[in-house]
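Worksheet: the structure to be examined is printed underneath.
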Amino acid sequence: MNGSAPLSLEEAQARLLALVTPLSIERVDIEGALGRFLAEPLHARRTQPSANLSAMDGYAVTAGDMRGPWRIAGESAAGHPYVGPLSQGEAVRISTGAMLPPDAAAVIIQEDLTREGANLILSGEPPAPAHKHIRHCGMDFAQGVEVLPAGLHIAPAQMALAIAAGHTHLPVHRTPRLTVIDSGDELASDPERCAPHQVPASNGAMLTAMARSLGVDARRIGPVPDTIKAITSAFEASADADLIVTSGGASVGDHDLIRPALESWGAGIDFWRVAIKPGKPILVATRDVAGRRQIVLGLPGNPVSSYVTAYHFLLPVLRAMQGAARPLPMRLTARLAMPLHPSGRRREFLRGWWDGENVTVSPLQDSGALSSLAASNVLVDRSALAGPAQAGEEVRIYLLQNGGIA
Ligand SMILES: Nc1nc2c(c(=O)[nH]1)N[C@H]1C(S)=C(S)[C@@H](COP(=O)(O)OP(=O)(O)OC[C@H]3O[C@@H](n4cnc5c(N)ncnc54)[C@H](O)[C@@H]3O)O[C@H]1N2
Ligand code: MOO
């Protein structure tokens with residue numbers, strides 16, 4: 001394993017996602033489905049709008065009767081339709097969202113009309129085409145059509161559509177159970193009591209928080225000392241987890257014990273090392289027991305390496321377990337606000353700030369520097385062995401917000 005070459009990011013992501021089977025399907029209350037992924041295509045239970053409606057405030061008139069004058073026959077307000085017949089020479093006062101009387105064929109907006117007692121005179125222009133201000137029955141969707149595909153992320157707009165389509169519950173995949181293990185003798189669980197040879201165990205909380213943003217049921221173990229026995233015990237205590245994430249101990253030092261602990265626990269290592277900076281020593285392992293698969297992600301301990309690998313691997317695998325059709329973050333294009341030095345032998349993800357147009361790369365790119373990560377909203381994607389880049393050149397970026405998915 002030590003001798004094999006690091007995988008590319010895309011190869012490694014594909015190998016990890018190929019290990020995933022989406023979790024079982026359950027039906028949950030629609031608000032509880034927010035942030036999750038639709039497990040089956042959703043069909044409309046009703047037609048929207050379910051009648052012809054006015055899109056403007058004005059007056060409804062019959063076909064071929066666009067010049068007036070008209071006599072005002074009644075009113076159709078939202079929720080209170082006009083039920084009587086409507087003849088040529090008559091108009092019905094109508095508000096936005098109100099049902100069009102069955103005999104009406106046009107709505108003239110009130111700005112184009114003048115009211116004189118019970119009569120109405122055209123003072124502006126009639127609508128062209130005549131049906132311009134009418135929202136026709138089924139304009140949004142018809143009963144029975146697919147309104148949302150399986151695998152879609154359920155955000156507020158998708159939730160609203162599902163409600164409008166007549167649903168109170170949605171099919172989603174069960175949320176993954178995740179265990180996050182901090183490992184390292186130098187880790188202090190209390191940041192207020194941290195000796196100079198120690199470091200606060202910030203990765204566990206950070207990784208748990210990233211996972212919880214996907215609604216995942218995450219729990220933490222540790223900090224766990226650097227012994228194979230202690231790490232193996234932490235794996236054994238994670239028997240119910242679908243996914244186990246470790247941070248630290250993934251590299252090549254004498255105290256980097258995640259790989260031997262995985263082997264002693266009976267897990268098989270699928271791959272170790274990806275040609276990215278930060279994040280090279282990431283590993284992926286699996287343990288299949290009684291027809292159930294547990295996936296282990298061993299993330300590097302450096303805080304920014306942990307974050308970047310969680311962004312590219314942990315969040316995608318959690319989305320895939322929840323049935324996401326597009327589990328990977330999306331890449332956008334931006335312009336550099338400043339020149340960049342040539343890059344090294346690994347593809348690099350540089351912390352930066354994107355103002356919506358230009359991106360400024362942080363001068364501090366050490367993989368231990370949380371300060372520049374916390375001041376960033378994007379990762380700039382630099383290919384391996386890229387030459388110098390000039391200000392104004394296009395670069396690819398990943399948005400950190402919302403894990404980089406829309
Ligand atoms: N000779 C080599 N040394 C290293 C290599 C290499 O290829 N050859 N790779 C380097 C790279 S790249 C990385 S990334 C690191 C990752 O190493 P580990 O995953 O073994 O991480 P640790 O050594 O345990 O810790 C690194 C660093 O991060 C701090 N840390 C660890 N856990 C936490 C935590 N839960 N919260 C906050 N900070 C944490 C730890 O104290 C260390 O400072 O290896 C390089 N070495
Ligand atoms: O991959 Mo390490 O994450 O360069 O610091």
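Summary table
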read-out	value
Selection count, segment 63-114, where residues are touching a Ser or Thr at 6+ places or on another chain (Cβ under 8 Å) and part of a loop (DSSP other than H, G, I, E, B)	14
Among (1) near ligand 2 (Cβ under 8 Å from one of its atoms); (2) modelled with pLDDT under 95 - the single one ILE276 does not satisfy	(2)
Exclusive hit being of a type in the set (Gly, Ala, Ser), at pLDDT below 95 and not assigned by TED's automatic domain parsing to the domain that holds ALA165, set GLY97, GLY64, GLY89	GLY64
Selection status of ARG319, more than 16 Å from ligand 1 (Cβ to nearest atom), among the basic types (Lys, Arg) and buried (at least 18 other Cβ atoms within 10 Å of the Cβ)	yes
Residues (within 9 Å of ligand 1 (Cβ to nearest atom) and either touching a Ser or Thr at 6+ places or on another chain (Cβ under 6 Å) or more than 27 Å from ASP254 (Cα to Cα) (or both)) located in segment 184-216	ALA201, ASN203
Any hit, segment 158-180, residues being assigned to a loop (DSSP other than H, G, I, E, B), in contact with a Ser or Thr (Cβ under 9 Å, 6 or more places away or on another chain) and at pLDDT below 95	no
Any hit, segment 350-368, residues being surrounded by 21 or more Cβ atoms within 10 Å (Cβ to Cβ), of a type in the set (D, E, K, R) and within 16 Å of ligand 1 (Cβ to nearest atom)	yes
Where a residue in segment 275-301 is on the phi > 0 side of the Ramachandran plot and not assigned by TED's automatic domain parsing to the domain that holds SER247 and its partner, wherever it lies, is within 9 Å of ligand 1 (Cβ to nearest atom) and not acidic (Asp, Glu), with Cβ under 9 Å and at least six apart	none
Criterion: among the acidic types (Asp, Glu) and either modelled with pLDDT of 95 or more or under 21 Å from ASN302 (Cβ atoms) (or both) - qualifying residue of ASP140, ASP217	ASP140
Segment 285-312, residues that are more than 15 Å from SER238 (Cβ to Cβ), away from ligand 1 (no atom under 14 Å from the Cβ) and among the hydrophobic types (A, V, I, L, M, F, W, C)	ALA290
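The values are calculated or read from the model by the stated rules, or taken from the named source; none is laboratory data. Quick caveat, the model's predicted, so the values are computed rather than measured. Neighbour counts are summed over all protein chains in view; Cβ atoms, including those assigned to glycine, are modelled from backbone coordinates with ideal geometry.
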